[in-house]
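Notes follow the structure.
The values are calculated or read from the model by the stated rules, or taken from the named source; none is laboratory data. Bear in mind the structure is a predicted one, so any value in this text is a computation, not a measurement. Positions of Cβ are backbone-derived with ideal geometry, glycine not excepted, and every protein chain shown enters the neighbour counts. Side chains are part of the model used for accessible areas, which takes the heavy atoms of the whole protein and leaves out ligands, DNA and RNA. Shrake-Rupley method; radii C 1.70, N 1.55, O 1.52, S 1.80 Å.
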Amino acid sequence: MRSWPRAGERGAWEMTSGWVPLDAYSLTMKETDREAVATAVQRVAGMLQRPDQLDKVEQYRRREARKKASVEARLKAAIQSQLDGVRTGLSQLHNALTDVKDIQQSLADVSKDWRQSINTVESLKDVKDAVAQHSQLAAAVENLKNIFSVPEIVRETQDLIEQGALLQAHRKLMDLECSRDGLMCEQYRMDSGNTRDMTLIHGYFSSTQGLSDELAKQLWMVLQRSLVTVRRDPTLLVSVVRIIEREEKIDRRILDRKKQTGFVPPGRPKNWKEKMFSILDRTVTTRIEGTQADTRESDKMWLVRHLEIIRKYVLDDLLVAKNLMVQCFPPHYEIFKNLLRMYHQALSTRMQELASEDLEASEIVSLLTWVLNTYTSVEMMGNMELAPEVDVHSLEPLLSPNVVSELLDTYMSTLTSNIIAWLRKALETDRKDWSKETEPEADQDGYYQTTLPAIVFQMFEQNLQVAAQINEDLKTKVLVLCLQQMNSFLSRYKDEAQLYKEEHLKNRQHPHCYVQYMIAIINNCQTFKESIVSLKRKYLKGEVEEGVCLSQPSMDGILDTIAKEGCGSLLEEVFLDLEQHLNELMTKKWLLGSNAVDIICVTVEDYFNDFAKIKKPYKKRMTAEAHRRVVVEYLRAVMQKRISFRSAEERKEGAEKMVREAEQLRFLFRKLASGFGEDVDGHCDTIVAVAEVIKLTDPSLLYLEVSTLVSKYPDIRDDHIGALLAVRGDASRDMKQTIIETLEQGPAQANPSYVPIFREITVPSLNVAKLLK
């Protein structure tokens, strides 16, 4: 039971235990009772606010009694739980006090015994020295048999090494080394300064080091052929690893003993495990370097063959290491992880060596493709059989970004020179074909073409396919380069086409197939356009297309210019043949029945039969231009005042002939333009309108007719009107002057869609003043 504190202890007791004096306790209880009564009054007042609630007084009393009983029960349980805890704590404190007293007594006994044993330990020093001497003598006796049998063991060990029994040979070698090391260690402990005896022991066991070196040589030979040995005789490789592991344990034991004795036997530590990895590293490096069987002089594909052999060898070796070698080595050797690191480092070194050579463009592509793509692909490190041990995402790059960048710069520089040379040679070859006596080839639709576009874009395709093997960035750069060089090439192509035309004009008989090859040149422009678009669509992504497309308008403009000039030269060829017949128009011979327009139509149709080999976009423009030029030449013949009609009959006959010929020309160009959906009537209507002015019989209406003509064709000038009136031959000087002056006062407004036709027609050195006379 708890004892009441004495008077002197009450203050401390009150502070530590929470004990409260009786007076203070009484005051606290009274205060609590008052608060309880006040609370109860408030609750009763809350429950009895209405008269009808008085009937429930008994019910309220029973409910409050139940609550009170419940609270008292919980309070008693809590107090009982606290009392039980206090009782348990007091019991544990009592037990702890007893234990402390027991320990204190035991420590006193130990201290007493220790003081009594000090003298006893000092009296055993002689015994200790005797034990040490006995240990040395026991070791000597132990090794005496081995000492005398050393020469025999050496011979047996040598024979076992030669027979390939490496484990047995190593066992005997360990016995020899153990005897030698034991004797030398005891000698070192007895007299570390006695070098004579140490030298004597070392000399007696001198053959031991030779045996160790010979055995190591055999081990290294097995390790150098480990990838072959593990397939044919894995037991031999396991024996080698066991020997190395034994030596590692001996090294660790000797190093631990060195901390105690300071003695290290000769030749220790051997570090054969470290040497093993060094041998494997050199073997891997030699294997990688030895895969180059050819040189550039003996085989242009030497690098491709070299890289393919490396790929095959490395993949095969790593698969063997993963599936077989890991079973022959302890797990802590991490043999596969170390071999993977060795192969990766050897490959990196070899790739650096190859990158530093003077490689050709194709060789740079082969190297970069192998380094950036093949190495991490499923054909090599990404092979499923190597997973999960090999994670291609964790492999360091074989070549640094700087080296890769330098190779790419070299490749782009070489490729630029090559493309320029290839394009120049292709153009020279195509230029020679233009002088052939045979027609150019036609495509499947029958359009003339030369092989130039196919050669150029086949070359571009090949280089882009090669670049795509490396990465997207290089592919884009090569495409930009191709388009840039294409731009320059088209300028040279334009110059060559112009020179071809000029040479032909010097002698129109040569080349024999000038028209056909000029058609092929025009068609090539359309082929070039389509090929450029196709190339971009195939090799460009949407986000980079905008930046590359800046060169497209320039190339399209050059190609359109080449095609336009080509079409112009062909039309020039046509009009050179038409010149004689165009000169007959609006002459006396023409009025008397010349068939010049018939010949013109036949000649134009004949030429356009050849022009049918021109592709549609250019043929359409060419047909429209031929139509316009024929009409312009016809009108020019009118304006040159080759004839002046003398009577109304002549004017009527001439005008009607002009209308018939206009219809004849209209029919021709409708026929030529069939399939184009073009309106070919407008130009011929101009001839009909001029004929109406000439045909007019009433001179008083001439001003009205001319005004109508001017309103239709606002580019008609005064000299044109004067020449037209001169051809009529019946307009007086005053009438001409009145018509011209009146028309000058109210110039016609041009229709926005009107295409000028009279603007390029000049009236030959005959001014209006002379015409009026």
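Please tell me if Arg651 is in contact with a helix residue (DSSP H, G or I) (Cβ under 7 Å, 6 or more places away or on another chain) and free of Cβ contacts under 8 Å to residues at least 60 places away in the same chain.
Numbers: in contact with a helix residue (DSSP H, G or I) (Cβ under 7 Å, 6 or more places away or on another chain): yes; free of Cβ contacts under 8 Å to residues at least 60 places away in the same chain: no.
In short, no.
Do we have Trp422 as open to solvent by 60 Å² or more (accessible area, probe 1.4 Å) and of a type in the set (Phe, Trp, Tyr) here? Break it down into steps so the answer makes sense when it comes.
Numbers: open to solvent by 60 Å² or more (accessible area, probe 1.4 Å): yes; of a type in the set (Phe, Trp, Tyr): yes.
Taking the combined requirement at face value, the residue satisfies it.
Hey, any hits in the range 8-17 for a residue that's out of contact with any strand residue (DSSP E or B) (no Cβ under 9 Å at 6 or more places or on another chain), of a type in the set (A, V, I, L, M, F, W, C) and either open to solvent by less than 60 Å² (accessible area, probe 1.4 Å) or modelled with pLDDT of 85 or more (or both)? Reasoning before the result, please.
Within the range 8-17, the first condition is being out of contact with any strand residue (DSSP E or B) (no Cβ under 9 Å at 6 or more places or on another chain), and the residues that meet it are 8-17.
Imposing the further condition that a residue be of a type in the set (A, V, I, L, M, F, W, C) reduces the set to 12-13, 15.
After this cut, where a residue has to be either open to solvent by less than 60 Å² (accessible area, probe 1.4 Å) or modelled with pLDDT of 85 or more (or both) as well, the list is none.
The answer is no, given that none of the residues of the range 8-17 is out of contact with any strand residue (DSSP E or B) (no Cβ under 9 Å at 6 or more places or on another chain), of a type in the set (A, V, I, L, M, F, W, C) and either open to solvent by less than 60 Å² (accessible area, probe 1.4 Å) or modelled with pLDDT of 85 or more (or both).
Look at the range 245-271 and say how many of its residues are open to solvent by less than 30 Å² (accessible area, probe 1.4 Å) and aliphatic (A, V, I, L, M).
2
Checking Phe329 against (1) in a loop (DSSP other than H, G, I, E, B); (2) open to solvent by 30 Å² or more (accessible area, probe 1.4 Å): exactly one of these is not met. Which one?
Status for Phe329: all satisfied but (2).
Mind checking which residues of the range 369-390 are without any contact (Cβ under 8 Å) to a residue 12 or more places away in the chain and either part of a helix (DSSP H, G or I) or within 18 Å of the chain's Cα centre (by Cα) (or both)? Lay out the reasoning, then the answer.
Within the range 369-390, the subset without any contact (Cβ under 8 Å) to a residue 12 or more places away in the chain is 377-378, 382, 384, 387-388.
Answer for the range 369-390, where residues must be without any contact (Cβ under 8 Å) to a residue 12 or more places away in the chain and either part of a helix (DSSP H, G or I) or within 18 Å of the chain's Cα centre (by Cα) (or both): Ser377, Val378, Gly382, Met384.
Exactly one condition in (1) over 21 Å from Asp443 (Cβ atoms); (2) acidic (Asp, Glu); (3) open to solvent by 30 Å² or more (accessible area, probe 1.4 Å) is not met by Glu573; state its number.
(3)
Would you mind stating whether Arg43 is without any contact (Cβ under 8 Å) to a residue 12 or more places away in the chain and loosely packed, with under 11 Cβ neighbours inside 10 Å? Working first, answer last.
Numbers: without any contact (Cβ under 8 Å) to a residue 12 or more places away in the chain: yes; loosely packed, with under 11 Cβ neighbours inside 10 Å: no.
Here the answer is no, as Arg43 does not meet what is asked.
Please specify each residue of the range 593-640 satisfying the condition of being open to solvent by 40 Å² or more (accessible area, probe 1.4 Å), over 60 Å from the mean Cα position of the chain (by Cα) and among the polar types (S, T, N, Q).
Asn595, Gln640
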